[in-house]
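Following: one structure in structure tokens, then a few remarks.
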Ligand code: SF4
Ligand code: SF4
């Protein structure tokens, strides 16, 4: 066999790339989006897409002008995708100021012994950690950038004095948020947090106690719906409030009334997050993909009906992020639906003992600690083998994601699930079909010109919408 390499072959018999799907031509995958009139043509590597009338599909694929339109934009798309996937620096931290939680939710990713008997960070430790983080971000982010610190679970309000001192001391340096189960927010805490403009994320899984309390309970088995409801009423109209509803088999049938309920409470944004199955207890409430997708899409449509009826939106932020990943990839706000995901790359998680993990999802899996904030330089932690396992997980190495046309709108989440449920970073996560249905639905809305109705007002501000072809 002669030692003829690819480059020589390329020189000897170059294809000018004039035809789609052969030679050096671009590969376009036709994707059924479930629309009566349109299909999507997707160039998967660059996330370029066009919506094509079904009866014009053959014309588009054989049209020199269609291929030229792609070629004109190809480099820009590739560059942007490359920057998004490999060129970002961390700008947020999920900061766990305590190991303890006053609840024992069925799907929690933090081990029960840690939540029950764990330790708080002292005020001194919280302040020291914030000082180290400030120093780190100063050395990596442009001057004037305020990175985000989200005090996260276990339950951060169990250690609220340390949290509040940290927020007061570092108000000029960070944008702060708190993700809380909402049971410990008394009037003084609400006044402090809203007065400091702190984002408040509440966790609630249903619109009635009989639904919500199936998964979220105290250690002695009592439901907490009533208390969270009271907190929501107090926060009604606060623009920085959002609610995370974890979608499980226990509540998926009730997502539509949940959206009604949250809208009535004037919650501006919610997340209907499918349960992460990283730890075994969560797998017991795992919903089946087709059913979860059916109820999820119905809830989305209800959010849209409410918008039309009242003129006020409730944005389902995790779905909005998928629309944005299609129409303006760089404007994504959440980083699960890109590969590698944002864990360890755009943000990281800090455990109360100072250990740093790529994402909160890995807290409880000790071997994913990349180092300790109090002992190791952040730059070294980010390059650790533990972090590299997560930041190196790419769709190109995962079957069947590497062949999937929507891989850069879905991102093949989640590395923690892939590793723990399916046995490795090169494995698929838990909910392929659920994500697939969301992307198809997003394309249907785009085909009908309705995508803005599902997005945050002013979402275009400061973002660049990539060129795509909607109507061939
Ligand atoms: S998880 Fe499924 S939808 Fe997502 S990239 Fe992989 S194959 Fe595609
Ligand atoms: S995909 Fe998983 S590990 Fe990555 S950011 Fe999302 S939850 Fe964290």
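The values are calculated or read from the model by the stated rules, or taken from the named source; none is laboratory data. Given the structure is predicted, the values throughout are model-derived calculations rather than measurements. Positions of Cβ are generated from backbone atoms using ideal geometry, with glycine treated the same way; all protein chains shown enter the neighbour counts.
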- Message: Residue under question is residue 88, and the condition is that it be outside any helix (DSSP H, G or I), in contact with a helix residue (DSSP H, G or I) (Cβ under 6 Å, 6 or more places away or on another chain) and in contact (Cβ under 8 Å) with a residue 60 or more places away in the chain; does it hold?
- Response: no
- Message: Just the residues that are surrounded by fewer than 23 Cβ atoms within 10 Å (Cβ to Cβ) and either in contact (Cβ under 8 Å) with a residue 24 or more places away in the chain or within 20 Å of residue 85 (Cα to Cα) (or both), please, taken from region 353-367.
- Response: 353, 354, 364, 365
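Which one is surrounded by the most Cβ atoms within 10 Å (Cβ to Cβ), of the residues in region 430-444 that are more than 14 Å from residue 408 (Cα to Cα) and within 16 Å of ligand 2 (Cβ to nearest atom)?
Pass one, region 430-444, residues more than 14 Å from residue 408 (Cα to Cα): 430-431, 433-434, 437, 441, 444.
Filter again for within 16 Å of ligand 2 (Cβ to nearest atom), leaving 430-431, 434.
Details: 430: 23, 431: 25, 434: 20.
Restricting to residues being more than 14 Å from residue 408 (Cα to Cα) and within 16 Å of ligand 2 (Cβ to nearest atom), the top hit is 431.
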- Task: Check region 271-280 and report whether any residue there is at pLDDT below 95 and either over 25 Å from residue 418 (Cβ atoms) or not in a loop (DSSP other than H, G, I, E, B) (or both).
- Result: yes
- Counting just the residues of region 402-429 that are within 13 Å of ligand 2 (Cβ to nearest atom) and within 22 Å of residue 31 (Cβ to Cβ), which one comes out farthest from the chain's Cα centre (by Cα)? 428
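If I filter region 445-458 for residues that are under 25 Å from residue 315 (Cα atoms), in contact with a strand residue (DSSP E or B) (Cβ under 6 Å, 6 or more places away or on another chain), surrounded by 20 or more Cβ atoms within 10 Å (Cβ to Cβ) and modelled with pLDDT of 95 or more, do I get at least one hit? Spell out how you get there, then give the answer.
Residues of region 445-458 that are under 25 Å from residue 315 (Cα atoms), as a first pass: 445-458.
Subset that is in contact with a strand residue (DSSP E or B) (Cβ under 6 Å, 6 or more places away or on another chain): 447, 456.
Filter again for surrounded by 20 or more Cβ atoms within 10 Å (Cβ to Cβ), leaving 447.
With the extra rule that they be modelled with pLDDT of 95 or more, the set shrinks to 447.
Within region 445-458, one or more residues are under 25 Å from residue 315 (Cα atoms), in contact with a strand residue (DSSP E or B) (Cβ under 6 Å, 6 or more places away or on another chain), surrounded by 20 or more Cβ atoms within 10 Å (Cβ to Cβ) and modelled with pLDDT of 95 or more.
So that you can scan it fast, the table gives a plain yes or no per residue for (1) touching a helix residue (DSSP H, G or I) at 6+ places or on another chain (Cβ under 7 Å); (2) crowded, with 17+ Cβ neighbours inside 10 Å:
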residue: 252; (1), (2): yes, yes
residue: 256; (1), (2): yes, yes
residue: 262; (1), (2): no, yes
residue: 266; (1), (2): no, no
residue: 270; (1), (2): yes, yes
residue: 286; (1), (2): no, yes
residue: 291; (1), (2): yes, no
- Task: Within region 335-350, track down each residue that is at negative phi, in contact (Cβ under 8 Å) with a residue 24 or more places away in the chain and in contact with a helix residue (DSSP H, G or I) (Cβ under 9 Å, 6 or more places away or on another chain).
- Result: 336, 337, 338, 339, 340, 341, 343, 345, 348, 349, 350
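Okay, residues lined up against (1) part of a loop (DSSP other than H, G, I, E, B); (2) buried (at least 24 other Cβ atoms within 10 Å of the Cβ); (3) within 16 Å of ligand 1 (Cβ to nearest atom); (4) over 11 Å from the mean Cα position of the chain (by Cα):
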position: 313; (1), (2), (3), (4): yes, no, no, yes
position: 318; (1), (2), (3), (4): no, no, yes, no
position: 330; (1), (2), (3), (4): no, no, no, yes
position: 335; (1), (2), (3), (4): yes, no, yes, no
- When you scan region 389-422, how many residues do you find that are more than 13 Å from ligand 1 (Cβ to nearest atom), within 30 Å of residue 138 (Cα to Cα) and touching a residue at least 40 places away in the same chain (Cβ under 8 Å)? 4
